[in-house]
Amino acid sequence: MNILDTLVLLLYFGVLMVVGIIGIKKAKSEKDFLLAGSRLGYFSHVGCLAAVIIGGAATMGSTTLGYDVGISGFWFVSMMGFGIAALGLFVVNKIGGYEVFTISQMLGKRFGEGTQLISAIVTSIYTLMIVVTQVIGMGNVIHVLLGWPVIPSMFIGGGIVLFYTILGGMWSITLTDIIQFAVMTIGVFFIMFPYSVDSVGGLTVLFNSMPESHNSLTNIGWDRIFQYFLLYFFGLMVSQDIWQRVFTAKNQKVMKSSAVSAGVYSVFYALALSIVGMCALVLLPNLGDSQSAFTSLALEILPPGLLGLVLASVCSALMSNASGAIFASATLITNDIIKVYAKKEMTDKDVIKTSRIVTLGLGVLSIIFSIWIQNILVALDMAYAILSGAIFVPLIIGLYWKRVTSKAAFYSIIASSLVIFITFMIYGITSTLPIIYGLITGVIVIVSLTLLNPSAIQIHESTLKTTNQK
């Protein structure tokens, strides 16, 4: 990569740090720091949601799948898009009136502190694992592009994200995400996609050059599509980093419309990058590692300057995902564990200070884990499996069935988590059976305990503080 592209990338990093400093002035209250004051309009909210959905794994993974299996690689990120759209269509109207910052906080108001604690632990582990994955990705991208050693590259990439997240909280994340969304969109849709298609002679030539299987929407296999559905469709609907972004909207109408729009954007993003991966197969058929398809193709076809911008878009996807995930994990620990069990009387300043300290601790921990763990994809799949299999059932059933008891929700999470871990050991981490068994266990436990203990029904509606959405 030449000096111009290096300068573009370094300039981009500098802009993010400056925006993080600007965010300090806006984060004056707990709601400002955790939810950007819940003041975002439609366009800014769409950008933030799309940025947190589409991470480095989504960008690089879709291109890799396009190279390996063709157009059917779009199912990976599309399931995330379908999940966020379903959240907007079917869940937002149920959660929009709750005065909460986290999923666990809402479960706590609905089912009690025990359920709040166990769900906070499960979801904070999941979000932290996402951070580790993104830090590894940032380290590898910076290593390849700038030629720096991998470990210092992880420190630099993770350190930049940590810097602006600690300073301004959700306001800094929001401001940087809007920039990152713009860079991602320009880099993928207006540069990488058209340059890739033009380099192979157009879409007609591309599809005619592909093996017949690569033009099939189901070439990836129905079992893999179903696995993505279980992991990402359900997972995105109950993911803390997604929920926290949803709550930054100024009203329910914005929440719903922007969630659906971000879902549609994700599907087009997946299609574009799957086609980019197919172009890489035509132009670079002998790649030793298909995971390098995106960066290898960019280095092959893009002129100086544009190359730096496109590679900045990859870093944007990694950083936006990492910042949202680390802040979500810090919010869970601060609001659902420390504030509930250690220091109940906290002012807004106390919450902000504690959140910053927790974010710093988690950031350092995630960087250490990134350096220590060579392959985090296994752990990430397990985290998504627990999130989908253990949290989805009590959350969604609890929202729609008001008779569900605190005991039923609590033991549903415990039982589902145990079943998932046990069946992972039996069937292996690539199997979809643990998620299915976890969901089934959750339904059986929550329904049976609710029906068998009618005298124990505890509907906490009187404790819920609702707000009128304008």
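The values are calculated or read from the model by the stated rules, or taken from the named source; none is laboratory data. The structure presented is a predicted model; accordingly, all values stated were derived computationally and were not measured. Cβ atoms come from the backbone with ideal geometry, glycine included; neighbour counts cover every protein chain shown. Accessible surface is based on the protein model in full, side chains and every heavy atom, while ligands, DNA and RNA are left aside. Shrake-Rupley method; radii C 1.70, N 1.55, O 1.52, S 1.80 Å.
Summary table below
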item	result
Thr347 being over 22 Å from Val52 (Cα atoms), surrounded by fewer than 24 Cβ atoms within 10 Å (Cβ to Cβ) and hydroxyl-bearing (Ser, Thr, Tyr)	yes
Scan of the range 413-435 for residues that are of a type in the set (Gly, Ala, Ser), within 16 Å of Leu231 (Cα to Cα) and touching a helix residue (DSSP H, G or I) at 6+ places or on another chain (Cβ under 6 Å), ordered by number	Ser416, Ser417
Any pair with Cβ under 7 angstrom, 6 or more apart, that starts in the range 196-207 at a residue that is among the aromatic types (Phe, Trp, Tyr) and ends at one that is surrounded by 13 or more Cβ atoms within 10 Å (Cβ to Cβ)	Phe207/Asn215
Any hit, the range 233-256, residues being on the phi > 0 side of the Ramachandran plot and out of contact with any Cys (no Cβ under 8 Å at 6 or more places or on another chain)	no
Residue within the range 130-146 that is of a type outside the set (Lys, Arg), out of contact with any His (no Cβ under 7 Å at 6 or more places or on another chain) and free of Cβ contacts under 8 Å to residues at least 12 places away in the same chain present	yes
Options Gly108, Gly112, Gly158; residue that is surrounded by fewer than 21 Cβ atoms within 10 Å (Cβ to Cβ) and of a type in the set (Gly, Ala, Ser)	Gly112
Only one of Ser431, Ser417, Ser388, Ser412 that is surrounded by 20 or more Cβ atoms within 10 Å (Cβ to Cβ), without any contact (Cβ under 8 Å) to a residue 40 or more places away in the chain and not charged (D, E, K, R)	Ser412
Matching residues in the range 33-45 - criterion: being surrounded by fewer than 23 Cβ atoms within 10 Å (Cβ to Cβ) and either part of a helix (DSSP H, G or I) or touching a Ser or Thr at 6+ places or on another chain (Cβ under 6 Å) (or both)	Gly37, Ser38, Tyr42, Phe43, Ser44
Scan of the range 72-86 for residues that are crowded, with 24+ Cβ neighbours inside 10 Å and among the aliphatic types (A, V, I, L, M), ordered by number	Val77, Met79, Met80, Ile84
Search result, residues across the range 201-214 that are open to solvent by 60 Å² or more (accessible area, probe 1.4 Å) and of a type outside the set (A, V, I, L, M)	Thr204, Phe207, Asn208, Ser209, Pro211, Glu212
Criterion (surrounded by 14 or more Cβ atoms within 10 Å (Cβ to Cβ), part of a helix (DSSP H, G or I) and either touching a Pro at 6+ places or on another chain (Cβ under 7 Å) or at pLDDT below 85 (or both)) met by exactly one of Ile440, Ile444, Ile367	Ile367
Set Ser124, Ser172, Ser153: member being without any contact (Cβ under 8 Å) to a residue 24 or more places away in the chain and within 18 Å of Ala322 (Cβ to Cβ)	Ser153
